[in-house]
Amino acid sequence: MENRKKDTTQPPILVTGGTGTLGRQVVARLMQTGHPVRSLGRRAAHAEPGAEFVVADLATGEGVAEALAGVETVVHCAGSAKGDDVKARTLVDAAKRAGVRHIVYISVVGADTTPIEGPIDRAMFGYFGAKHAAERIIAESGIPWTTVRATQFHDLTLKTLEQLAKMPVMPVFGGMSFQPIDSGEVADRLVELATGEPAGLVPPIGGPKVYGMDELARSYLAAQGRRKPIFGMPIFGTAARAQKSGVNLAPDRAVGRRTWEEFLAETVAPERVAGRQAA
């Protein structure tokens, strides 16, 4: 899609985490619609060309007020393994002062249904608890909001498998299933929501198919042309039981189109070919 001419009469849409896996795709798609876009990140590396870029830190609050100046809509994509609730609080407090009229938040399927009751739960699945806390902070802020939950991104699933495959025996969580979705399709949905009216909690979005973690591991190794033993590692705790029951899945909302197999063929297989040519 060609970029439409930028409409400079509109206030910029701020995308937090604008240099991340999801955020940079949201920035690019918003630019295609002709909206002025301001991308927030902790450093300018990998900033999307053509978008205004601001350095700010949602963990400390440094630069956040300046980033929100003149902004009416925020797409909150900044996320990490922990601290999402702290970042949401920082954003909301500054957004109130700036007069923001709409916050769009990307959360994760299972945020509200993964119980975090003890140290094992917090260590293994604390991310879900932080996401749910961030959801509540935004919903209770008094600022009109929209939240959409998504299943696991192809990109992040791949990174996890890459790390696990470095071990002599590749461990996977026994009994766990995932429903990977293309991050570009999630970006499309966020742009649709950001350019519409606040809608509260909207239906989740999931990838086209559910896989056992062992299936994902085998398909990843096959795409690389590798063989390695796979070990089903037991996981314990209340949160693990909930996840194994499927609270992190949205099979009735399998709206994603790009499959895990297509993603692997386009992402991992070219690297395999390049490696052979280099050898």
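See the values below:
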item	result
Fluctuation leader among 229, 36, 115 - the chain, Gaussian network, Cα springs under 10 angstrom	229
Using distinct alpha-carbon pairs, which all enter the 1/r mean, Kirkwood radius of the chain in Å	19.7
Computed helical MRE - 222 nm, the chain, DSSP H runs ≥ 4 contributing -39500 (n - 2.57), nearest 500	-12500 deg cm²/dmol
Simple label model, 7 Å out from Cα along Cβ direction - residue 65 to residue 96, nm	1.5
DSSP bridge pairs, the chain: antiparallel proportion in percent, nearest 5	5
Length released on extending from residue 136 to residue 226, taking residue separation times 0.36 nm less the Cα-Cα span	28.0 nm
Length gained when the stretch residue 80-residue 215 is fully extended (0.36 nm per residue, less Cα-Cα span)	46.0 nm
Lysine pairs within the chain, Cα separation less than 27 Å, 8 or more sequence positions apart or different chains	22
Sparse-neighbour loop sites [trypsin sites (Lys or Arg not before Pro); the stretch 155-213; at most 10 other C-beta within 10 Å; DSSP]	166
Stretch gain in nm, segment residue 245-residue 233, where the contour uses 0.36 nm per residue and the Cα spacing is subtracted	2.7 nm
For residue 104, residues with placed amide H under 5 Å, excluding near neighbours	74, 75, 76, 146
Packing rank of 91-98, 259-266, where each peptide gets the mean count of other beta carbons within 10 Å, highest leading	91-98, 259-266
Cα-based shape type of the stretch 132-279, given that a ≥ b ≥ c are square roots of the gyration tensor eigenvalues and the cut on a/c is 1.5	oblate
Phi to ³J(HN,Hα) by Karplus 6.51 cos²θ - 1.76 cosθ + 1.60 over the stretch 54-66, Hz, x for Gly, Pro	10, 8, 7, 10, 6, 6, 10, x, 5, x, 5, 4, 5
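FYI, it's all coordinate maths here, none of it is from the lab. Since the structure is predicted, the reported quantities are computational estimates derived from the model, not experimental observations. Glycine gets a Cβ as well: all are built from the backbone with ideal geometry, and neighbour counts include every protein chain shown.
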